[in-house]
């Protein structure tokens, strides 16, 4: 699913004149981020299930703080790209600084650093979750899930009624709180541990519902589609016993570094005036990003580069 994220971001910078995908492909690639959020909720619930309340709170808070640190480091890593982008836009230094700070605070990402909103949102959601934890954790999870569902609805229905604040409301509900509903859903799946048949039936229902909602541009279709992919992936993983830890590392590196690869391709194409088909560019970016992720994992196994893993976990 990390390659789906590349497919979302690449057209905007590499082939903006031909950025429309066929219906099903466009629907599928946009399930990637909700899928990752659901995986996060599932794995965290798996880790804290059965622990005393104070330990659950402690784990959630420490994880949230760690994610904030990772987010800050990646903001610095992506800062040269952001400076390059702002340098080539019109406006005073003050206007650009305000734009940068507003984007960081309200959306968790900046120019050429779109993947970072995922970490930002995840950290905030885990912090809220840690405050929400009580002994009856399953019931509290349902409450939290409904709260984030309501926030998502507000973000979809109300922007036109907020006037000058509509952009800020949209940023809070979509970017900052956007991971809340899928993270809680993943935690609930882990808590209930549904059977194989229920998983496949639920996945089928989610796919049908998601496609219908996507067709008419209604909310919740990415969440429902992401849930379907997750439920199927869990059953495939159980049946085949993949090395999930290795897959997770590769996916995270691809997710974090792909915008750097896209940026390099974008600058090269513009400076050298190269004309290449969009699909070929996308394929090249995917291959090189995968190769870089494999190289980083290989380096991490060596004594002098053990700290690299701290950038992603």
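The values are calculated or read from the model by the stated rules, or taken from the named source; none is laboratory data. Predicted, not measured: the structure shown is a model, and the values here were computed from it. Here the Cβ is made from the backbone with ideal geometry for all residues, glycine too, and neighbour counts use every protein chain on show.
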Within the group 63, 69, 47, which residue is in contact (Cβ under 8 Å) with a residue 40 or more places away in the chain and over 17 Å from residue 227 (Cα atoms)?
-> 63
Answer yes or no as to whether residue 238 is at negative phi, buried (at least 17 other Cβ atoms within 10 Å of the Cβ) and either at pLDDT below 90 or outside any helix (DSSP H, G or I) (or both).
-> no
Could you identify the single residue in 124, 128, 105 that is closer than 27 Å to residue 48 by Cα and free of Cβ contacts under 8 Å to residues at least 60 places away in the same chain?
-> 128
Within the stretch 161-178, identify whether any single residue is modelled with pLDDT under 85, part of a loop (DSSP other than H, G, I, E, B) and at negative phi, and answer yes or no.
-> yes
Which of (1) within 22 Å of residue 270 (Cβ to Cβ); (2) touching a residue at least 12 places away in the same chain (Cβ under 8 Å) does residue 16 not meet, given it meets every other one?
-> (2)
What single numbered condition from (1) in contact with a helix residue (DSSP H, G or I) (Cβ under 6 Å, 6 or more places away or on another chain); (2) closer than 30 Å to residue 269 by Cα; (3) assigned by TED's automatic domain parsing to the domain that holds residue 117 fails to hold for residue 56?
-> (2)
